[in-house]
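To start, the structure under review is shown below, and the notes come after it.
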Number of protein chains: 4
Amino acid sequence: MMSATMHDVSPAQALAARLRSQPPRIGLLASGPLDAITDVAGVRVGHATLDRDDVQTGVTVIDPHAGDPYRDKVPAGLAVINGFGKSVGLVQLQELGQLETPIALTNTYSVSAVAEAQIRQCGQANPETGRSLPTVNPLVLECNDGFLNDIQRMAVTGDDYLAACTQAGLQPAQGSVGAGRGMSSFQLKGGIGSASRRVPMSHAQPHEAIQQGRPVPRTFTVGALVLSNYGVLPNFCWGGERLGPQLATLLDDEARAQAQAPEKGSIIMVLATDAPLDARQLSRLAARAGAGLARTGSVYGHGSGDIALAFSTAYTLPHQADRPMPAVSTVHETLLDGLFQAAADSVEQAIVHALWWASPVTGRNGHHRRALRDLLARLD
Amino acid sequence: MMSATMHDVSPAQALAARLRSQPPRIGLLASGPLDAITDVAGVRVGHATLDRDDVQTGVTVIDPHAGDPYRDKVPAGLAVINGFGKSVGLVQLQELGQLETPIALTNTYSVSAVAEAQIRQCGQANPETGRSLPTVNPLVLECNDGFLNDIQRMAVTGDDYLAACTQAGLQPAQGSVGAGRGMSSFQLKGGIGSASRRVPMSHAQPHEAIQQGRPVPRTFTVGALVLSNYGVLPNFCWGGERLGPQLATLLDDEARAQAQAPEKGSIIMVLATDAPLDARQLSRLAARAGAGLARTGSVYGHGSGDIALAFSTAYTLPHQADRPMPAVSTVHETLLDGLFQAAADSVEQAIVHALWWASPVTGRNGHHRRALRDLLARLD
Amino acid sequence: MMSATMHDVSPAQALAARLRSQPPRIGLLASGPLDAITDVAGVRVGHATLDRDDVQTGVTVIDPHAGDPYRDKVPAGLAVINGFGKSVGLVQLQELGQLETPIALTNTYSVSAVAEAQIRQCGQANPETGRSLPTVNPLVLECNDGFLNDIQRMAVTGDDYLAACTQAGLQPAQGSVGAGRGMSSFQLKGGIGSASRRVPMSHAQPHEAIQQGRPVPRTFTVGALVLSNYGVLPNFCWGGERLGPQLATLLDDEARAQAQAPEKGSIIMVLATDAPLDARQLSRLAARAGAGLARTGSVYGHGSGDIALAFSTAYTLPHQADRPMPAVSTVHETLLDGLFQAAADSVEQAIVHALWWASPVTGRNGHHRRALRDLLARLD
Amino acid sequence: MMSATMHDVSPAQALAARLRSQPPRIGLLASGPLDAITDVAGVRVGHATLDRDDVQTGVTVIDPHAGDPYRDKVPAGLAVINGFGKSVGLVQLQELGQLETPIALTNTYSVSAVAEAQIRQCGQANPETGRSLPTVNPLVLECNDGFLNDIQRMAVTGDDYLAACTQAGLQPAQGSVGAGRGMSSFQLKGGIGSASRRVPMSHAQPHEAIQQGRPVPRTFTVGALVLSNYGVLPNFCWGGERLGPQLATLLDDEARAQAQAPEKGSIIMVLATDAPLDARQLSRLAARAGAGLARTGSVYGHGSGDIALAFSTAYTLPHQADRPMPAVSTVHETLLDGLFQAAADSVEQAIVHALWWASPVTGRNGHHRRALRDLLARLD
């Protein structure tokens, strides 16, 4: 418990000053250099943002590796924490434990356009898909940004998806960008956030199995990217502080009335790791996203599609059976706890980043979402 | 065991004659008057069929009732028998145990177009969806008809979906129609099939609970509609007879070579019933589709998306909480066996009907699928 | 944010004083009169406690109603948050959505003895079980109390189970009693805790459907009982305060060393409600236990069997099909959020109570677990 | 279609003669030398049979390898085809994808005794289980043999389990032995059956990955062992022939009345393979047991606990993280179809063997089950 430091600064003032100056840091594990999902080697993120009057939306792409994921599939797992959602691609992902396209995020009513774009993208690289080769499984996850964005316009196009793919890089913008452009969280502006955590493995074994006997220490990285569009303000917790009730007093009447509304949002939580996990283990990892989410004040509201997906970059699975399967030495089950902690912490941190970096947006019918930082600036 | 009847007709000849004359009848339960899913009161089926050169595909719609399913939702359950499939809408259906659109069937790469059409259809009837009302959950199931149909063209349009809805009626065409136009089963022509079974309930209780005390006997109906696009010929069983090997001898060399190919199809099995079941019970009912499917020679091949969905017409669930919820007396769990038998039998019968009514189709690159009946006619 | 009140009491001292005086209260919903699962009418809880040298264990029973649950089954749902557990009865509970015995909690290696006792208990009341009647499905959930209790002795007997049933009442003891006798949480003494929350339903509809048209306001109760045996001290959060690191400084070296150990515990979380929910909805309710659990510092550790089970007392399901099924009007899905909040809050509160009421225990090999309150008393 | 061969033997007589002479052979794949689960190298099976008046029951053990499965765990997957069952150990098996004891089969009310015996057995080999080592997860699957066996006596003891372990070998007895002693199928005598199928892999890749580059052809084995206690006679199919109705005419009145009873049995289906599959793939393999089961006339009756479990002997997983994890090259997903066919075929064949080898048993209250072969002998 901290002791009061300066007789002329109240603890409340000190806290407010701290809250204004920087986002809280979650947990004790170290971050990677970017504190983003792109700390997992090979992963890149791109956005296309649509910002014109009633159209406040976009698309975000997570590329698991630099190659063609249809030809070199990526092991993946899933946790449907609350299945009120319209994502596509999850049934096959769960059956086969792999993904075969970039992961795309967008608004609920633009899922179809983006899925079609993924089909065409794969077809251009692999002209025989749907003919002599199997059809590709599009993978598009979504939240409903209908408060700020006129979702019925289905404004996102296939070109937007391709632009996001082209633009993908290592330093993803966060906040009101890409698929996050129109998203809301806790009646404030939500959007895209990312974070990473590094997990030292205390046993040399996983390294040895992978790297053939050089028993050097090994650290794995877990990265998270969220599309944050959930939360009711009274429940809002910020780095462990329940700020919601106090922030509510700073809202005007209209916004306060909205803050009484039931949960209608959603959150998509994508985890990447370079640890060699199989699909079952990745599903276990994905389930820990729910712990990070709960700490921020969510009880997985009825109307909130809370979906977590995890993939590993440690190996890929060839599309064709005539190419050799990798010999994978997965992490021993009893060593997963560090990765589980990293999953929960990086998801909570990514949510923190989404709100921290979110800029205010005015959209459909003049609806407006304020930025958390603007409210924090008024705390005293 | 039958005894030989006529000295001048061999048993094989008699069997062949029987096989040519009519489809086998599955099981001992009676059918409804139409022997189709439309025997479940309120259910209607419509098709739009695309038949032009390399485009051999379509869309089929199952309407659960005459009203707006978004406003009056339908209890539903799911069984993912093999999840190699690209359907949309299943995650939310499983979480909420209800469906809120017509059920649409189409080819794998037209799912997005049909899902968009469902969104627009719902938006026209309920302009506030995605704004003050929740987004609608499109429900589109699919098989890959890429052998006969140039699937990369994504030929099915929203207008085709609407045409199928408009055309929906009580006497659905079967075989090479609607979504079934380009489908193959057992290297023969597959497509749409339907059937129904009636289940007498030996106990008066379910009736009493529903109809308030009039203890008259009660019979429930289970109806099935399948989109049949699965199966390898050597395993083909037809009403309990393993005809596959014999039929294979009637194929030309090219077709026989194809019959060695691995399972790449899929089957969608939709069950309707007027029995008052809840979502959990409907999931149990859906699982029995897998038994009917297995009897025809399927082992749920790796590449076959085998999905079963069941819904009840006995009650609906209001969209808005200010309308009263129905007081439902579900069927006692120990009385489900008759319904389970009906589910398995009607699915097998629907598969039989799909193949029986399928007409031959020539499509993409001159690929051709023969009709089963043309092969049966050559048996002797 | 509180302001400093008295110039001669530091904020840290004020916090410490508050922490010593009473357990933190979770959330904004009101509790029932007992703040225990027994606030749900009809539910009773009993314990049998074994406290002799190396045997520090017991059994706890939750009785869902005063009748015979085999004859009048109780709707129930399940959430396997982390399935590292040896409970019995969950497979059938999930399939049928009901339970048919009291819910028993005990240590991992006494599950068999208690399950046998449940079989015998049901057989005495229903002599034809396993003959002309179906076998009964025992339902026993467990945690591993092997640190304090010599688990290999399998010390709990069938008589202990029956004693707990006999002793069942409305004011359950909490802390180091019953199945909680030997349990540890956060390297401190864990055990049994309970709590309840009341949820006003803003719409009259559920009431009307149940009580036939008298549109009076309606409040539902959600109660929780936990067997708390999970947690690593550094992560410990107490009513939103991360006390773990500070408490760790109060431990002696040996205890601090243990606090570095990986998660090896488990937690069983049982929810009861008088809201009319079906099994699917009860599974959704159970999943929210995971949110309450996460807030206390759990990331659902690999080795922790984290299981939540929820049941409703609003109606029962007759064993025999010749008795009428109830006509149930379930709560409208969009009104579940209050119940979800209550589930998460009452689970967290029950965990708080388990630690608050836990008395220190010395058991196997002189192993000792301190009581949280003894550590809190040393905070300053 | 066969042609009539001898003018003086009717086809019905020929069929009857064939049915009497040998069990039908399922499918086209070759069997291993024993046509039993023990064709999978390392797997052994043992029985203990209790045969005294009203006690007609027993225990059967499947040992996955010669070592200690707690220390060298076995990858495993699960398919709950119908969860009306009281098995123990499945929740953890599903979470961790492994098993750590021999697989034990027994009657429903003896599960607890056998689970305790497994705990003690593991504790003797590993004295620190439940202390410094995790508790062991007993794995006991069951069917209800209450028609022939006085199940309330809980007659099976821990010593019986140990005797079955000791007796385990490569040539398991089949029929009315071990756990199968008191089981019924199709109102006839059921019990234990086993079979195997061999699957040539057309691609050298899996072999290479496992055996480091020697590109010789490779064949995998799938073995099945069933505890068969399900089925209603009218639905009985025997190698594709629906014999049930004809056999029913051979029963006396009392037995025929029983044959109208609803499904109250269960079946446990255990699959072993030497193919290197991970837990997710093993769950997919287990699901194909349902196809083999359906072909025999099952629709997965409400009251039938139909559980399938699959394990691989290709590698083991060390209990302790300080031992190296194996580098496993799993079978390419698109090559699973042969294994799926083998799973379905070997399960159906094992059911055939269970009924073929079953001897008649008289048990509780003089209840009697006839052997199928005695009925077949009366066909003409």
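The values are calculated or read from the model by the stated rules, or taken from the named source; none is laboratory data. Predicted model only: the values in this text are computed from it and were never measured. Positions of Cβ are backbone-derived with ideal geometry, glycine not excepted, and every protein chain shown enters the neighbour counts. To get the accessible areas, we keep the full protein, side chains included, count just its heavy atoms, and leave off ligands, DNA and RNA. Shrake-Rupley method; radii C 1.70, N 1.55, O 1.52, S 1.80 Å.
Observations on the model:
- For the peptide C:139-146, the mean number of other protein chain Cβ atoms found within 10 angstrom of a residue's Cβ is 2.
- Placing a label point 7 Å from Cα along the Cα-to-Cβ axis, residue A:67 is separated from the same position in the other copies by 3.2, 5.4, 6.3 nm, shortest listed first.
- Average accessible surface area per residue within region D:244-380, 1.4 Å rolling probe, Å²: 28 Å²
- Mean separation of Cα contacts under 8 Å, 6 or more apart, over the residue count of chain C: relative contact order %: 25 percent
- Residues residue D:53 and residue C:68, FRET efficiency given R0 of 22 Å [Cβ-Cβ distance, rounded to 0.05]: 0.10
- Across region C:274-280, rounded Karplus estimates of 3J(HN,Hα) from the backbone phi angles (6.51 cos²θ - 1.76 cosθ + 1.60, θ = phi - 60°) give 8, 6, x, 10, 8, 4, 5 Hz, Gly and Pro being marked x.
- Complex-versus-alone comparison for region D:323-362, residues with a loss of 50 Å² or more in accessible area, probe 1.4 Å: D:325, D:332, D:337, D:341
- Annotation: amide H of residue D:220 within the under-5 Å range of D:199, D:201, sequence separation 5 or more or interchain, hydrogens built in the peptide plane.
- Panel note: the C-alpha atoms of the protein assembly as shown, placed on their principal axes, show extents of 115, 75, 74 Å (largest first).
- Copy-to-copy label distances for residue A:257, where each label lies 7 Å from Cα along Cα-to-Cβ, are 6.4, 7.2, 7.3 nm in order of increasing length.
- Starting from the label point of residue A:153 at 7 Å along Cα→Cβ, the same points in the other copies fall at 3.3, 7.3, 7.9 nm, in ascending order.
- Axis of helix B:158-167 versus longest Cα principal axis of chain B: the two differ by about 90°, to the nearest ten degrees.
- Partner chain coverage, peptide A:235-242 - average Cβ within 10 angstrom: 2
- Considering only D:183, D:154, D:325, the Gaussian network model of chain D with Cα springs below 10 Å gives its largest mean-square fluctuation to D:325.
- Zone of residue D:362's modelled label, taken as backbone nitrogen in region D:53-75 under 19 Å from a point 7 Å along Cα→Cβ: D:53-57
- The rotation axis bringing chain B onto chain C passes closest to the chain B residue reported with its distance as B:327, 2, by C-beta distance in whole Å.
- Cα gyration tensor, chain B - rounded (a/c under 1.5), prolate or oblate: oblate
- The order of C:236, C:147 by accessible area, most exposed first and with a 1.4 Å probe, is C:147, C:236.
- Entries of B:189/B:264; A:73/A:189; D:86/D:189; B:86/B:189; C:73/D:264; D:86/D:264 with Cα pairs more than 24 Å apart: A:73/A:189
- Spin-label pair residue B:30-residue C:378: with each label point 7 Å from Cα along the Cα-Cβ axis, the two points sit 8.1 nm from one another.
- Mean Cβ count within 10 Å, highest first, over the residues of peptides D:158-169, A:266-277: A:266-277, D:158-169
- Most mobile listed residue (C:88, C:328, C:352) in chain C, GNM with C-alpha springs under 10 Å: C:328
- Built amide H within the under 5 Å cut-off of residue C:191, gap 5+: C:228
- Rounded to the nearest 10 degrees, the inclination of helix D:11-21 to the longest alpha-carbon principal axis of chain D is 50 degrees.
- Per-residue ³J(HN,Hα) for region C:363-372, Karplus 6.51 cos²θ - 1.76 cosθ + 1.60, θ = phi - 60°, Hz, x for Gly and Pro: x, 3, 6, x, 4, 9, 10, 7, 8, 3
- Shape category assigned to region B:96-187 from the gyration tensor of Cα positions, a/c cut at 1.5: prolate
- Here region B:28-376 carries DSSP beta bridges of which approximately 80% are antiparallel, counting only pairs with both residues inside.
- Fraction of beta bridges assigned by DSSP in region A:227-346 that are antiparallel (%, nearest 5): 25 percent
- Between residue C:255 and residue C:14, the distance separating the two model label sites (each 7 Å from Cα on the Cα→Cβ line) works out to 2.9 nm.
- Legend: residues B:221, A:49, sorted from most to least accessible area (1.4 Å probe; ligands, DNA and RNA excluded), read A:49, B:221.
- Using a 1.4 angstrom probe on protein heavy atoms only, the contact between B and D buries about 2800 square angstrom of accessible area, both sides summed.
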